[in-house]
Amino acid sequence: MTQPLRIGIAGLGTVGVGVVNLLTENRDLVAARAGRPIDIVAVNAKSRSKDRGADLSAYRWQDDAGEMAAANDIDVVVELIGGADGPAVSLARKTLAGGKGLVTANKAMVAHHGAELAELAEAHGLPLKYEAAVAGGIPVIKALGGGAAANEISSLFGILNGTSNYILSAMESNGAPFAHVLKAAQDLGYAETDPSFDIDGIDAAHKLAILASLAFGTQIAFDQVETRGIREIEAVDIERAAALGYRVRLVGEARLQDSRLLQRVHPVLVPLSHPLAKVTGSLNAVVADGNFVGRLTFEGAGAGAGPTASAVVADIIDIARGEQQPVFGVPAASLRAVSAGDHDAGTGRSYLRAAVADEPGVMADLTAILRDCGVSIESLIQHGQAADGGVFIAMITHETQHRCTAEAARKMTELKAVLSPPMRMDLLD
Ligand SMILES: NC(=O)C1=CN([C@@H]2O[C@H](COP(=O)(O)OP(=O)(O)OC[C@H]3O[C@@H](n4cnc5c(N)ncnc54)[C@H](OP(=O)(O)O)[C@@H]3O)[C@@H](O)[C@H]2O)C=CC1
Ligand SMILES: N[C@@H](CCO)C(=O)O
């Protein structure tokens, strides 16, 4: 066999240990597919003494991850520390500036610094790979950047955060309380170090911004992603959605329309018959529409040690094989700048739920607001007790301009009988 590819791994948490385990257990298979052995030379994490449940004694412990970038016996640095800034990006810059390839699972860093890092990599003719950064084990970066590269992609959407999907699925299947399920997702290694990135939609927005750049050839525009997470979703919304024939999912959507890029992460109601309604637990799914291939749907594990390690090692294998493409499908310097689209200018059906005082005239006040805002109701249920002795009213609107539904929800908040701001979610038709 030819020379091994020598790697250094920075970060030995869920993903880092997953990569060590995969490269150990599948060593021969990986070597055969890569055309040469993959040797772990050095490892690094914050604490040397932590028990990680894996034997690391064969690898050099590197006190400072940055030293890997300068080490003569390392060809590729694998960054699995996480975080948009700080040690991760400093290591990424040093690695590429030092002439080594970089593999990362860090979507926050790619979403914030992807363009700069890609230009650095391309200027030095070095590989920069990030398959694990989007949708865990699903090879969607390779699919959009490779297999579907001949297509113009008009739109994409999907479930991009395993933790949120795990929480929503558990709430719908056994009514488990939000905090309890979040803890379970953390224990399983799905959640980010700061889980508010998961439940507030930020992690999905990082991934969406990366996918959109790759799919549309546009500059990464994370700051333009309209982002809303699942924090405000209550058990009543899951129940009412089910009663109306829907499931709640946190969905990221991106499309290029009239030279504007619309990017949005938000909780939506998905009909029970829709493929995304069947995506449960920590699974992710990505759907993309290409002008020759048609609709492509990818589904698989979106988080966790094994699936993420699978994606990281696939990148390492690509590098060992000498495969190299522009980081975002086209040279980074040629990615187009586009302005943000306005979701509220579009139309669609929506779910509106309000907790209201159980007294005469409330329904008339609500329907008057809907009438004044030009919103027509398709179905409505009033059932169940809200806190403060109120009742819940949940409805699905007919297709309406989103701006009008938003205005109706805002006006409802001003009613004395409305006990808390109404919950509004779009329907994914
Ligand atoms: N978990 C998942 O399912 C997935 C995670 N990712 C991404 O992969 C990356 C790693 O995630 P994950 O493994 O879950 O995170 P963990 O929190 O489990 O692990 C992070 C690792 O980084 C180490 N670390 C933290 N700060 C430093 C530092 N200053 N210098 C050196 N090492 C440091 C930690 O050291 P120590 O252990 O000593 O504290 C730990 O080993 C993140 O970018 C994440 O977004 C991507 C897809 C899926
Ligand atoms: N925290 C992320 C990990 C995978 O990127 C998630 O739950 O999807």
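The values are calculated or read from the model by the stated rules, or taken from the named source; none is laboratory data. Remember, it's a predicted structure, so these values are computed and weren't measured experimentally. Positions of Cβ are generated from backbone atoms using ideal geometry, with glycine treated the same way; all protein chains shown enter the neighbour counts.
Report those strands (runs of 3 or more DSSP E) wholly inside the stretch 248-333 carrying at least 1 residues which are more than 21 Å from L117 (Cβ to Cβ) and free of Cβ contacts under 8 Å to residues at least 60 places away in the same chain.
294-301
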Counting only residues that are within 16 Å of ligand 1 (Cβ to nearest atom), in contact (Cβ under 8 Å) with a residue 24 or more places away in the chain and in contact with a helix residue (DSSP H, G or I) (Cβ under 7 Å, 6 or more places away or on another chain), how many does the stretch 171-193 have? 5
Return the total of residues in the stretch 334-378 being more than 32 Å from the chain's Cα centre (by Cα), closer than 26 Å to E253 by Cα and hydroxyl-bearing (S, T, Y). 1
Filter the stretch 4-21 for residues that are more than 18 Å from R48 (Cα to Cα) and touching a Pro at 6+ places or on another chain (Cβ under 9 Å); the one that is surrounded by the fewest Cβ atoms within 10 Å (Cβ to Cβ) is P4
Keeping to the stretch 134-171, report how many residues are of a type in the set (V, I, T) and within 10 Å of ligand 2 (Cβ to nearest atom). 4
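Residue-wise test of (1) within 17 Å of G13 (Cα to Cα); (2) more than 16 Å from ligand 1 (Cβ to nearest atom).
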position: S47; (1), (2): yes, no
position: S57; (1), (2): yes, yes
position: D85; (1), (2): no, no
position: A88; (1), (2): yes, no
position: G101; (1), (2): no, yes
position: A105; (1), (2): yes, no
position: A115; (1), (2): no, yes
Given (1) over 21 Å from F328 (Cα atoms); (2) more than 14 Å from ligand 2 (Cβ to nearest atom); (3) not hydrophobic (A, V, I, L, M, F, W, C), index of the condition G189 fails: (2)
Name the residues in the stretch 395-429 that are modelled with pLDDT under 95 and closer than 13 Å to L352 by Cα, would you? S420, P421
If you scan the stretch 1-13, which residues turn out to be among the aliphatic types (A, V, I, L, M), part of a loop (DSSP other than H, G, I, E, B) and within 15 Å of ligand 1 (Cβ to nearest atom)? L12
Would you say G16 is out of contact with any Asp or Glu (no Cβ under 8 Å at 6 or more places or on another chain) and in a helix (DSSP H, G or I)? yes
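Just a yes or no: is a residue in the stretch 16-27 modelled with pLDDT of 95 or more, in contact with a Lys or Arg (Cβ under 6 Å, 6 or more places away or on another chain) and among the hydrophobic types (A, V, I, L, M, F, W, C)?
yes
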The lone condition D200 fails out of (1) away from ligand 1 (no atom under 16 Å from the Cβ); (2) surrounded by fewer than 24 Cβ atoms within 10 Å (Cβ to Cβ); (3) of a type outside the set (A, V, I, L, M, F, W, C) is (1)
Looking for something more than 14 Å from ligand 1 (Cβ to nearest atom), modelled with pLDDT under 95, out of contact with any helix residue (DSSP H, G or I) (no Cβ under 7 Å at 6 or more places or on another chain) and over 18 Å from N284 (Cβ atoms) - is there at least one such residue anywhere in the stretch 208-221? no
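Restrict the check to the stretch 292-310 and report whether at least one residue is within 16 Å of ligand 2 (Cβ to nearest atom), out of contact with any His (no Cβ under 9 Å at 6 or more places or on another chain), hydroxyl-bearing (S, T, Y) and not assigned by TED's automatic domain parsing to the domain that holds I220. Steps first, please.
Initially, the stretch 292-310 is screened for residues within 16 Å of ligand 2 (Cβ to nearest atom), giving 298-310.
This time we only want the ones that are out of contact with any His (no Cβ under 9 Å at 6 or more places or on another chain), so: 298-310.
Subset that is hydroxyl-bearing (S, T, Y): 308, 310.
Retained after the next criterion (residues that are not assigned by TED's automatic domain parsing to the domain that holds I220): 308, 310.
Yes, the stretch 292-310 contains at least one residue that is within 16 Å of ligand 2 (Cβ to nearest atom), out of contact with any His (no Cβ under 9 Å at 6 or more places or on another chain), hydroxyl-bearing (S, T, Y) and not assigned by TED's automatic domain parsing to the domain that holds I220.
Take Y166 and tell me if it is within 16 Å of ligand 1 (Cβ to nearest atom), closer than 26 Å to L12 by Cβ, in a loop (DSSP other than H, G, I, E, B) and among the aromatic types (F, W, Y).
For Y166, the condition - within 16 Å of ligand 1 (Cβ to nearest atom), closer than 26 Å to L12 by Cβ, in a loop (DSSP other than H, G, I, E, B) and among the aromatic types (F, W, Y) - is not met.
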Quick one: is V30 under 30 Å from D187 (Cβ atoms), modelled with pLDDT of 95 or more and under 26 Å from the mean Cα position of the chain (by Cα)? no
Out of V140, V110, I need the residue that is assigned by TED's automatic domain parsing to the domain that holds V78, closer than 21 Å to V78 by Cβ, buried (at least 24 other Cβ atoms within 10 Å of the Cβ) and within 16 Å of ligand 1 (Cβ to nearest atom). Which one? V110
